[in-house]
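K.L.:
Just passing along the structure, written as C-alpha cells.
The values are calculated or read from the model by the stated rules, or taken from the named source; none is laboratory data. Being a predicted model, the structure only gives us computed values, none of them experimental. Methodologically, a virtual Cβ is constructed for each residue, glycine included, from the backbone with ideal geometry; neighbour enumeration extends over all protein chains shown. Side chains included, ligands, DNA and RNA excluded: accessible areas come from the protein's heavy atoms. Shrake-Rupley method; radii C 1.70, N 1.55, O 1.52, S 1.80 Å.
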Amino acid sequence: MKDYRFDNVHATKASYKETDMEEFRYNPLVEALPLPLGREETMQSLMVYPPYSESDRDRPYEWRMEATQRIISCHAPSHWDLDISTMVSRCMRWGYAKRNPLAKKYAATLAGNYNAMCDGSLNYHGGYHAAAQGFSIIGVSGVGKTTTVEAILQKYPQVIEHTVYEGIPFPVTQISWLKLDCPKDGSLKSLCIEFFGQVDLLVGTQYQKQNERRTTLDVMQIRMSQVCAHLNVGLLVIDEIQHLCASKKEASQAALNFFVSLSNTIGIPVVLIGTPSALKLLRHEFQQAKRGSGQGSILWGRTEQKSPNWDLYLKSVFRYQYTRIPVALTKEISDAIYDESQGLPFLASHLYKLTQEDAMSSGKESFDVKDIHRVADGYLGLTKPLRDAMRRGEDVDLNALEIASIHAKTWESAPADLEKTKAAVHTVPKESVHQDAVARLLLLGIAKKEAEEAVILVMGDMKENAPAELVARKAAMLCFQDSHTSKSQSKTNVPTGYDKLKESGMIASEEV
C-alpha cells in the first residue's frame, strides 16, 4: 500500500531512556516512552486545575458567566486514575516487548503475518505469542471513564519520530496510542474510516481517501492491521463499545473478533470502554473476554457519598466560585449536590456550574441548598427519570437523555437588579434587544406571536438600553405567570421536556 508522507507537525523527537527490565532492554519503541511514575507523581500529573483567583468574583458579569466553564474542565484524580494509569503503562510496554523492530525474530514473524493478511486472512499464523494484554472499563455514563483515560493518554507523546538509535540509522514512526469512538450505528466500516482519518491527521498520510470509496470491509480491516504494524501503534482504545449492540449480532461479533485479531497478528493491546449494556457483548465472547481482562477489567460504579474520592472531588471543584458572595461548602450543600447528581462527577460539575450561573443571572449572587434542588429540577429536568432510577438502585445510561439547558422552572419570580446588571453589558440597539429577547423565549417553547407581544409590553415599561436577558426574563414571567396558579392549562400549550418523556411512556404516571 503506497504511503504518502508530508511534514509531521505532531511528532516528538525520540528521546531514549534506559530500562533495567530485560524484556524492554534495547527496544527503541519502549525506551522512547516516558518512564513510569510513582503513585504520588501520577496523581499530581493527572490533576487538572484551571486558573482561578478570588479576585475573579469582582470581574464583570459576562466574564464570570464565561469562566464557569472552567468548572467542567476541573479533574480531581481518584484511585481509578491510579489503577488505569498503571494498566495503560503495562499494556503499552508489554505490547511493544515482542515487537522490537531491531529483533530478527519479530521481523520474520511480522513479514509472515503481513503476507498472510495480504492474502485475505486476519488470523494468527504463529511464530510468537503476543505479550499484549488489554482490558475493559465498564461503567455508567458520567463517572469519568473517558475523561480519566484521555488524561492518562496525554502523558504519552502520541507520535514519536525515530532517526538514529545507538548509532544505527532508525527512520521509524511510532504512534504510541489511538483512541476511537465506536459509531452510534455500530458500523465497523465507519470505525475503520475514523481510524484512517485520525492517522492521516497525525502523520500526514491519505489513508482515508484511499479507503473510503469502493473498499470492502474485509480489505479495510487488513489495511488497518497493516497500518498499525507499519506505524508501530502501541495501544488502541475503543470508546462507546455499547454502540455495537445497535448492529446485528453477526456484525458485533465480527467487530469483537477483529479487535482480537489485532492482538493476535500484530500484538497490539486493545482497551474497550463502554456502559453496562456492553457487558452482554463481552460475556458472550469468551475469547474477547479473555483478551479484555488480561490486565484486570474495571467495573466502575458511581462515587460513594462517604468515600474520600467524593470529598476530594467536591473540594477541588467548589473552589471555582464566581458569585459575588462567597458560599461555604457545608455538609448540607455537599449532600444536596450528591443527592441531585447521584455521585456522578459529570452531573455534579454541570449542576454546580448551572447553579452559579442561575445565581448570577438572577442578581442574587449567592446560592443555598434550595437553589441547588431548584436548579436541578429545572436545568437537569430531562435526567430526572435516570436520577430517580439511580436512587432506587437501578442501572442507568445517561447517554439516553440530554441535559436541558433551559427550562421554564429556572426563571425567578423576582427580577435582577437592573442597575447592577447594566454595568456589565454593552449598549445595544432596541431592535437587537427585541430580536434577542424573542429568540430566548422561542427556546422556551413560547409561540412566536405571544413572545413578540410579551417583549413589546415589557420593553415599553423598562428603561432605555435594558439588556435582552432581563427583557426576556420579565417577558417569560409574563408568559408563564398563569402556569403557577393553574395546573390545568398552560399558556404556551407546549409541554416541557419532562412532560414529553411522560407522554412517550418513558416515565410512569405514578413517578410524577
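K.L.:
Mind checking which residues of region 322-359 are more than 21 Å from residue 62 (Cβ to Cβ) and of a type in the set (D, E, K, R)?
P.N.:
Across region 322-359, the qualifying residues are 331, 332, 335, 339, 340.
K.L.:
Just need a number here: residues in region 13-34 that are open to solvent by 90 Å² or more (accessible area, probe 1.4 Å) and in a loop (DSSP other than H, G, I, E, B).
P.N.:
4
K.L.:
What helices (runs of 4 or more DSSP H) lie completely within region 191-300 and have 3 or more residues being modelled with pLDDT under 85?
P.N.:
Values: elements: 207-211, 217-230, 249-261, 279-283, 286-292.
Once the helices (runs of 4 or more DSSP H) in region 191-300 are filtered for at least 3 residues that are modelled with pLDDT under 85, what remains is 217-230, 249-261, 279-283, 286-292.
K.L.:
Please indicate, with yes or no, whether at least one residue in region 224-231 is of a type in the set (S, T, N, Q), within 25 Å of residue 97 (Cβ to Cβ), in contact with a strand residue (DSSP E or B) (Cβ under 9 Å, 6 or more places away or on another chain) and open to solvent by 10 Å² or more (accessible area, probe 1.4 Å). Talk me through it step by step, then tell me what you get.
P.N.:
If we filter region 224-231 for residues that are of a type in the set (S, T, N, Q), which is where we start, we get 225-226.
Then drop every residue that is not within 25 Å of residue 97 (Cβ to Cβ), which leaves 225-226.
Adding the requirement that they be in contact with a strand residue (DSSP E or B) (Cβ under 9 Å, 6 or more places away or on another chain) leaves none.
No, that holds for no residue.
K.L.:
Could you list, in sequence order, all residues of region 148-190 that are of a type outside the set (Lys, Arg), under 30 Å from residue 76 (Cβ atoms), part of a strand (DSSP E or B) and open to solvent by 10 Å² or more (accessible area, probe 1.4 Å)?
P.N.:
Once the filter is applied, which keeps residues that are of a type outside the set (Lys, Arg), under 30 Å from residue 76 (Cβ atoms), part of a strand (DSSP E or B) and open to solvent by 10 Å² or more (accessible area, probe 1.4 Å), region 148-190 yields only 181.
K.L.:
Moving to a separate point now. Restricting attention to region 63-81, which residues are over 21 Å from residue 346 (Cβ atoms) and loosely packed, with under 14 Cβ neighbours inside 10 Å?
P.N.:
Taking region 63-81 first, the residues over 21 Å from residue 346 (Cβ atoms) are 63-64.
Scanning region 63-81 gives a single hit, 63.
K.L.:
Hey, residue 138 hits all of (1) assigned to a helix (DSSP H, G or I); (2) among the hydrophobic types (A, V, I, L, M, F, W, C); (3) modelled with pLDDT of 70 or more but one; which does it fall short on?
P.N.:
(1)
K.L.:
What's the total number of residues in region 46-62 that are open to solvent by less than 20 Å² (accessible area, probe 1.4 Å) and modelled with pLDDT under 90?
P.N.:
Number satisfying all stated conditions: 1.
K.L.:
Give me a count of the residues in region 151-163 that are more than 15 Å from residue 11 (Cα to Cα) and touching a Pro at 6+ places or on another chain (Cβ under 9 Å).
P.N.:
Adding up the residues that qualify gives 1.
K.L.:
Search region 208-225 for residues that are more than 14 Å from residue 190 (Cβ to Cβ) and pair each with any residue that is among the small types (Gly, Ala, Ser) and part of a helix (DSSP H, G or I) when their beta-carbon atoms are under 8 Å apart and the residues are at least 6 apart or on different chains.
P.N.:
Sorted first by the residue in region 208-225, then by its partner, the pairs are 225/261.
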